[in-house]
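Read-outs: derived from the displayed coordinates by stated rules, not from any lab. These figures come from a predicted structure and were not determined experimentally. Note that we place each Cβ from the backbone using ideal geometry, even for glycine, and neighbour counts take in every protein chain shown.
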Amino acid sequence: MLYYMHEMQRLWMAPSRLMAQSARIAMRNPLNPIAYTNAGRHMTSMADMYEHLTRRFGKPEWGLDSTLIDGEEVDVEVDTVVHRTYCHLLHFKRALKRERQDPKLLVVAPLSGHYATLLRGTVQEMLPDHEVYITDWQDPRMIPMSEDKFNLNDYIDYLIDFLHVLGPNTHVIAVCQPAVPALAATAIMSGWGDLCAPATLTMMGGPIDTRESPTQVNKLAKEQPIEWFERNVVVEVPPPYPGAFRKVYPGFIQLTNFIAMNLDRHMASYNELFDHLIRGDDDAAERKIAFYEEYRAVMDLPAEYYLQTVKTVFQDHALPKGEMVARWHPVDLAKIDRTALLCVEGELDDISGVGQTKAALTLTPNLADEKKHYHLQKDVGHYGIFNGSKWRGQIAPVVKKWIRSHDRSEISKAAA
């Protein structure tokens, strides 16, 4: 009933949201004398805030139409390389005037409530120097019940399939949640002697071992048995969505949890937005609005995937204990002996605590030390690991250098 109640509340608020939009248009009319008064600015700002806070945000656009390469602007086209039920593989195709031997890079976006566009800043920074691909996860409320279910094993299968499509010498960046399936896929492919196993795997703020520096998120997952999550947060998608009656972990619950973790910070941020609107500081207001339009655009998670992830990653700690099995394949991290691993963590990360991602370096005993590297970014939280000025100025250069130094074509050229 929870999802039905959420939809009913959204529909009930639609008339008042339309009234707020009408008031905003009327108050911004240059022929309206009240628009030039302090009271008018307050009324317009309140209408803006109400409309923004009560709106549902759909999947954002990428907005990456071009990039700068060697000082020249190059057009970029988002091309779908692989269509799968739960995930498409996208390629940011650069209209290059001359051929470049840039490393192939697969960015694995998290399937944790937000769309892949949350990594827009990650992609934007890597585009000038790499052939960038990304996993574009689909919202299960839009997937009919007639389609197969999707769990953590399927996630790993998808990553292996995508790596086979991209071929040997592909580099991988896994941001947050996908660090676990990406590391598992690498271990399985390494055990096969698969030539398409990643050349490098960069894991950023990922829950490899949540026993290290447990955060509030980790503690919540441990407090209740898995049956509690199935009873209390897994619900059916209501009609008229195409995925009606499919069981999901709703995106609005995940968003509520994210906001509740830092409620004071978000309230202060919205107060700042209100002040910007009153003062007519349009640039600052637009930046905040753009951030929250992205942050509040959420998708549901398949129930099977959500429950298996909670149990395997946060309750059983199966990967660091060496007990994880994907399909019939034991996930043996000792099999990783060629893929260079880079672990990136944020000092102030309140989602994945310091040490959780770094644990991957200890869990891979047969990987040479020169193929392991750890970067702890000072004064940065979870979001800042892959977006913002610290990402662009201090983290991305480390990642780019790591990829280049372990790119097999670069190594071959150096040897020649």
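Worth pointing out:
- Entries in Lys104/Lys288; Lys104/Lys311; Lys104/Lys371; Lys247/Lys288; Lys247/Lys321; Lys335/Lys372 that, when Cα-Cα distance is taken, lie over 23 Å: Lys104/Lys288; Lys104/Lys311; Lys247/Lys288; Lys247/Lys321
- Each 5 Å bin, from zero up to the one with the longest distance, holds this percent of the alpha carbon pairs of region 204-249: 5, 17, 18, 14, 15, 13, 11, 5, 1.
- Environment charge of Ala23, counting only residues whose C-beta is closer than 12 Å and scoring Lys/Arg +1, Asp/Glu -1: +1
- Förster radius 45 Å - calculated FRET efficiency between Asn257 and Ala368 (Cβ-Cβ, nearest 0.05): 0.65
- Sorted by Cβ density within 10 Å, fewest first, the residues Thr200, Thr67: Thr67, Thr200
- Diagonalising the gyration tensor over the Cα atoms of region 162-215 and scaling each eigenvalue by 5 before taking the square root yields semi-axes of 23, 11, 7 Å, largest first.
- Sites Leu11 and Ser66 - FRET efficiency at Förster radius 41 Å, r taken between beta-carbons, to 0.05: 0.55
- Ranking Ala359, Trp12, Ala318 by how far each Cα lies toward the positive end of the dipole of the chain (charges on Cβ) leaves Trp12 at the top.
- All-pairs Cα distance distribution in region 182-340, expressed in whole percent, bin size 10 Å: 9, 25, 28, 24, 11, 3, 0
- Tail beyond 16 Å, pair distance distribution of region 1-55 (Cα, percent): 47
- Here the dipole of the chain is about 260 debye; that uses its Cα centre as origin and unit charges on the Cβ of Lys and Arg (positive) and Asp and Glu (negative).
- Contour excess over end-to-end distance, with Cα ends at His42 and Glu286 and 0.36 nm allotted per residue: 86.1 nm
- Cα-based helix-to-principal-axis angle, 152-166 vs the chain, degrees rounded to 10: 70
- Size of charge dipole - region 1-55 - debye, nearest 20, with Cβ of Lys, Arg +1 and Asp, Glu -1, no other charges: 100
- Between Met267 and Glu230, the distance separating the two model label sites (each 7 Å from Cα on the Cα→Cβ line) works out to 3.8 nm.
- Residue-span extension gain [Arg98 to Leu195] - 0.36 nm each, minus C-alpha spacing: 32.1 nm
- For region 337-397 versus region 107-164, the spacing of their alpha-carbon centroids is 20 Å.
- Gyration tensor analysis over the Cα atoms of the chain returns equivalent ellipsoid semi-axes of 38, 27, 20 Å (largest first, whole Å).
- Percentage relative contact order, the chain, counting C-alpha pairs under 8 Å, at least six apart: 19
- Gaussian network model of the chain, springs between alpha carbon atoms under 10 Å - residue of Pro240, Pro178, Pro207 with greatest fluctuation: Pro240
- Selection from Ser409, Pro397, Gln377 lying farthest towards where the dipole of region 368-409 points positive, charges on Cβ: Ser409
- Over region 1-55, Cα pairs under 8 Å with separation of 6+ residues give a relative contact order of 40 percent.
- A straight chain from Ile34 to Thr80 at 0.36 nm per residue would run longer than the Cα-Cα distance by 11.6 nm.
- With contacts taken as Cα pairs under 8 Å and at least 6 residues apart, region 213-346 reaches a relative contact order of 24 percent.
- Where labels lie 7 Å past Cα in the beta-carbon direction, separation of Met49 and Gln216 in nm: 2.3
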